[in-house]
Amino acid sequence: MRLGFLAGVALLAGCSGPYVYQPPVEDRSGNAPPPAVERDTGVTVTPIYDEPVISRQRTDGGSGLSVQPLPVPDDSPASIPTPQAAAPVSGNPAVVALLDSARQQQSAGSLGAAQSSLERAQRIAPRDPQVYYQLAEIQRQMQKYDEAEQLARRGVALAGGQPESLRRLWLLIANIRKDAGDLSGAREALEQARRY
């Protein structure tokens, strides 16, 4: 009997403590305080969709925003510049050696051997946009335009935040499309390249 009494007192004491449950209340009166501003986390977000380039510009009496027009691409597909070969940017020495070897094989005209070297580099560094650039260039030279564009687009997806790599990959896509006879697609890719 005494045990039941003590259990009841303990239960009542627990219910009457300072910790009173307060259900959440949503203010729908329109007088709600502004939402809290998130702090900078250091994460950089790269937009996926094309939007106009907006930059700060000084004007008379203040500063404002103005939309800068993108350069209009030349209608001549022969005007697409060929991207210059860049030094390997990989931090992996094996990948750097394979990229150099593939370049030498490519310049010697051995496209199949260059492709094999680059496929090995791709297995080692599957997220290196330089590997995809060179693989796409080999496929373009072998006149496998669909495969070349797919590889270059994969490189674009991996090169986020690297404007020079993105520019080179889009120029390569423009050249691939030009070689495949898709002149309007080549102009679109050239316009993309000029954004970087």
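The values are calculated or read from the model by the stated rules, or taken from the named source; none is laboratory data. Nothing here was measured: the structure is a model prediction, and the numbers come from that model. Counting neighbours? That spans all protein chains shown, and the Cβs are built from the backbone with ideal geometry, glycine included.
Is there any pair linking a residue in segment 139-161 that is in contact (Cβ under 8 Å) with a residue 24 or more places away in the chain to one that is of a type in the set (K, R) and surrounded by 15 or more Cβ atoms within 10 Å (Cβ to Cβ), with Cβ under 8 Å and at least six apart or on different chains, and which?
Y145/R177; A148/R140; E149/R177
Among (1) at pLDDT below 95; (2) in a helix (DSSP H, G or I), where does L151 come up short?
With (1) at pLDDT below 95; (2) in a helix (DSSP H, G or I) applied to L151, the lone miss is (1).
If a residue must be among the charged types (D, E, K, R) and not in a helix (DSSP H, G or I), how many such residues does segment 161-183 contain?
Total meeting the criteria: 1.
May I ask you to list the residues in segment 121-148 that are charged (D, E, K, R), surrounded by 22 or more Cβ atoms within 10 Å (Cβ to Cβ) and at pLDDT below 95?
Matches in segment 121-148: D128 only.
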